[in-house]
Structures are given as C-alpha cells and as structure tokens.
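Beneath this line is the structure, given in structure tokens, with notes to follow.
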Amino acid sequence: MNNHIRTIVGLSLVSIGFFWNNIVSVIPKFENKNPSLVEIVNIEKPSQDILDKTMPIAELITDKSDKLNLGLFNNIFSKRVVSYETDAQSINDVYVQAAKNFFADSIKGKYQGFAESLDGLFVETLGSENHKVLENEKSSLSKTFGGLAYCLLF
C-alpha cells in the first residue's frame, strides 16, 4: 500500500507540473483593493470659502472615532437636506433629533464650542428667523455640512 501512495503522489506531481500553466490561468486573481475613505463616502472637496468656515469646527473634535462618526453623520445630512420641504426651525430640529438618536450622550458636552459652532452654521445659512427654506438655502446648507463632513473625515 505504501508503494501505491508513492506512485499516486508522484503521478500527481508530474501531472501538476505538466499542466501548471493551464491550472494557473484558471485560478482567479484577487487584487487587494483597499478603497480610500473618499471613494467609500463619495465626497468632493468643498470650496476654500466653506473649508475656511468649517475647518475650525472640525478641529474641535479630537477623538478619531468621533471624527469619523460625525463626518459620516454630517455627510448623510448634507445629502438629505436638499430634499426637505420644510421651514428653518424644522431642519434644525431634524438635525438635533437625528444626532441624539445616532450619538445618544456619547459626545454631549465633550467638545466645548462645537454645538454653538453648529448653531452658527445654521444661522449663517438660514438666518435667525423661522421661514420656509428656499432651494438656494438648502443647497448652501448641503454644501456647508458637506464641507464640515469633508473636514472631519480628511
């Protein structure tokens, strides 16, 4: 039985050697594609004006995990806000409630000046009076919070 095993192993090795090129061509090639966060999130670099007003806010966040979560959260908000048909106060309320649902109390009071800075972005874009949000205001808000997301993620 020992001779039979040796013969089978030997013939197998000779067969593999003889057909190696055919065998290799059938094996699929797996490339280690590790897409960057830019490709995953699909976010474009904002204008310098938006970077100038959002970068100081993003720099308030020091924890990498919080930066990632806030960046993704703000990116999603920036994409969805353009479809909202509502008033300025309701958009602010949606942002705050979504943040409470997503973050719970994990970042509450953790970064001094962050909440006030976010309020400043809303007021700068929508004003301080409640009104029906116009298309250009939604677009501006989307670009601003997309810029904040960019600054948090990159």
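Look through region 103-154, keep the residues that are among the aromatic types (Phe, Trp, Tyr) and closer than 18 Å to ASN92 by Cβ, and return whichever of them is surrounded by the fewest Cβ atoms within 10 Å (Cβ to Cβ).
PHE103
Can you tell me which of (1) loosely packed, with under 10 Cβ neighbours inside 10 Å; (2) modelled with pLDDT under 80; (3) more than 13 Å from PHE154 (Cβ to Cβ) is the one SER36 doesn't meet?
For SER36, the exception is condition (3).
What tally of residues in region 97-146 results from selecting those that are closer than 19 Å to ASP66 by Cβ and small (Gly, Ala, Ser)?
Residues meeting the conditions: 9.
Within the group LYS138, LYS64, LYS79, which residue is within 15 Å of the chain's Cα centre (by Cα) and in contact (Cβ under 8 Å) with a residue 40 or more places away in the chain?
Exactly one residue qualifies, and that residue is LYS79.
With the condition kept exactly as written, say whether any residue in region 123-131 is of a type in the set (Asp, Glu) and under 23 Å from the mean Cα position of the chain (by Cα).
No, region 123-131 has no match at all.
Filter region 81-113 down to residues that are small (Gly, Ala, Ser) and within 14 Å of ASN130 (Cα to Cα), then give me how many there are.
Number satisfying all stated conditions: 2.
The values are calculated or read from the model by the stated rules, or taken from the named source; none is laboratory data. For clarity, every value in this text was computed on a predicted model and none was experimentally measured. Neighbour counts run over all protein chains shown; Cβ positions are idealised from the backbone, glycine included.
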